[in-house]
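Asker: One structure is given below, represented as structure tokens, and several questions about it will come after.
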There are 2 protein chains.
Amino acid sequence: MNPTRNLLAIGMVALMGNTSASADDAKEEAVEYRKSVYEVIAWNFGPMVGMVKQEIPFDAEVFARNAKRMAVMAPMVAEGFIPDSITDDSTAKPEIWERWDEFQAGLDKLTEESAKLSALASQGAPLPALGQQVGAVGQTCKGCHDEFRKE
Amino acid sequence: MNPTRNLLAIGMVALMGNTSASADDAKEEAVEYRKSVYEVIAWNFGPMVGMVKQEIPFDAEVFARNAKRMAVMAPMVAEGFIPDSITDDSTAKPEIWERWDEFQAGLDKLTEESAKLSALASQGAPLPALGQQVGAVGQTCKGCHDEFRKE
């Protein structure tokens with residue numbers, strides 16, 4: 001192994017800081033991580049919604065690319081919800097950990113519907129079919145937000 | 001198309017806000033997006049570095065999963081750098097847009113090296129080979145940070 005590269009890798013971790021000095025730090029990091037995952041999902045989902053609402057021109061390639069990204073991102077949400085990770089920056093309700101199985105099932109549904117949307121898009125499904133599946137994904141977002149997110 | 005679902009989808013976009021009222025809003029959103037992409041990349045890269053440094057136990061499955069995520073995330077960075085998108089929350093230098101081709105080449109290198117890491121990990125490469133490629137990815141991070149990120 002090239003020692004220079006190895007040192008650089010060590011430096012990267014110091015820069016990017018995914019090691020926690022305390023339980024509080026771990027919670028702050030988990031909140032920042034999951035908010036980032038949601039942000040990236042929203043960035044990609046927004047144009048898909050715009051396309052199915054015909055507010056922006058339909059671009060099948062961008063749609064399929066964004067849907068694929070969402071399908072990869074959706075399963076990344078859960079690990080950001082480490083036990084009792086509520087901070088000032090968080091909008092999570094404590095019910096998440098009191099009713100974890102229900103919350104996890106909601107996230108699984110997001111993953112499942114996102115995978116369906118990606119499959120449809122990659123197969124070149126027509127816009128109405130994509131619109132219906134975008135709605136199904138949106139339902140899974142709304143379901144968890146209504147139950148588990150503070151106003 | 002199911003109109004109830006369609007309405008929900010409309011609501012989701014309003015909630016998640018990927019439509020911009022102004023150029024300033026667009027810049028704020030772009031900065032938030034790209035910082036989120038970096039955050040998610042760092043969250044996944046950190047444990048890989050920990051494993052190749054043997055600070056945490058090697059888990060081939062987690063390593064391959066995280067490497068695949070990085071390979072999907074790396075090509076997502078560039079679109080967050082819309083022209084002159086520097087805000088109070090940004091650490092980007094104006095040189096990015098003055099030397100865009102060089103910056104883009106750096107991002108392409110990140111994508112390329114991340115794809116190689118994912119390929120190695122999915123093929124079950126041994127830890128030293130993974131360590132070398134983690135170093136190569138870290139080099140691409142460092143290269144751009146040194147040139148294009150404020151201290």
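The values are calculated or read from the model by the stated rules, or taken from the named source; none is laboratory data. Just so it is clear, the structure is predicted and the values come from calculations on it, not from any experiment. Every residue, glycine among them, receives a Cβ derived from its backbone with ideal geometry; neighbour counts consider all protein chains shown. Please note that ligands, DNA and RNA were not included when accessible areas were found on the heavy atoms of the full protein model with its side chains. Shrake-Rupley method; radii C 1.70, N 1.55, O 1.52, S 1.80 Å.
Asker: With r as the distance between the Cβ atoms of B:E79 and A:D108 and R0 = 22 Å, compute the FRET efficiency 1/(1 + (r/R0)^6) and round to 0.05.
Answerer: Efficiency at R0 = 22 Å is approximately 0.15.
Asker: In nm to one decimal, list the spacings between the A:S22 label point and its equivalents in the other copies, with label points set 7 Å along Cα to Cβ, shortest first.
Answerer: 3.9
Asker: Each residue of region A:63-77 in turn: what ³J(HN,Hα) in whole Hz from Karplus with 6.51, -1.76, 1.60 and θ = phi - 60°, glycine and Pro shown as x?
Answerer: 4, 5, 4, 5, 5, 5, 4, 4, 5, 7, 6, 3, x, 8, 5
Asker: Let me ask something else about it. How far is helix A:3-16 tilted off the main Cα axis of chain A, in degrees rounded to 10, range 0 to 90?
Answerer: 70 degrees
Asker: Residue by residue through region A:94-103, which ³J(HN,Hα) values in whole Hz follow from phi under the Karplus form 6.51 cos²θ - 1.76 cosθ + 1.60 (θ = phi - 60°), with glycine and proline marked x?
Answerer: x, 4, 3, 8, 6, 10, 4, 4, 5, 5
Asker: Then there is this: Using the Cα centre as the reference, give the magnitude of the dipole from point charges on the C-beta atoms of region B:33-151 (Lys, Arg: +1; Asp, Glu: -1; all else neutral), rounded to the nearest 20 debye. List each step's numbers first, then the result.
Answerer: On the way: 13 positive and 18 negative charges, 87 e Å.
Dipole about the Cα centre, nearest 20: 420 debye.
Asker: For B:K142, list the aspartates and glutamates whose Cα falls under 17 Å from its own Cα; do not include residues on the same chain fewer than 8 positions away.
Answerer: B:E39, B:E95, B:E102, B:D108, B:E112, B:E113, B:E151
Asker: Which whole-number value in Å² is the accessible area per residue of region A:62-151, probe 1.4 Å?
Answerer: Working: 4190 Å² over 90 residues.
On a per-residue basis, 47 Å².
Asker: Could you work out what % of the accessible surface of the protein assembly as shown is carbon and sulfur, using a 1.4 angstrom probe and leaving DNA, RNA and ligands out of the count?
Answerer: 53 percent
Asker: Okay, moving on. Taking the label point as lying 7 angstrom from Cα along the Cα-to-Cβ axis, what are the distances from B:A119 to the corresponding position in the remaining copies, in ascending order and in nanometres?
Answerer: For B:A119, the inter-copy label distances come out at 2.9 nm.
Asker: Also, I was wondering about something else. Assigning unit charges at the beta carbon (Lys, Arg +1; Asp, Glu -1) and nothing else, what dipole magnitude in debye, to the nearest 20, does the protein assembly as shown show about its Cα centre?
Answerer: In debye, rounded to 20, the protein assembly as shown gives about 960.
Asker: Near the axis that takes chain B to chain A, which B residue has its beta carbon closest, and at how many Å?
Answerer: B:S36, 2
Asker: Further question: Compute the helix-to-body angle for A:127-148: its Cα long axis versus the longest principal axis of chain A, expressed 0 to 90° and rounded to tens.
Answerer: 40 degrees
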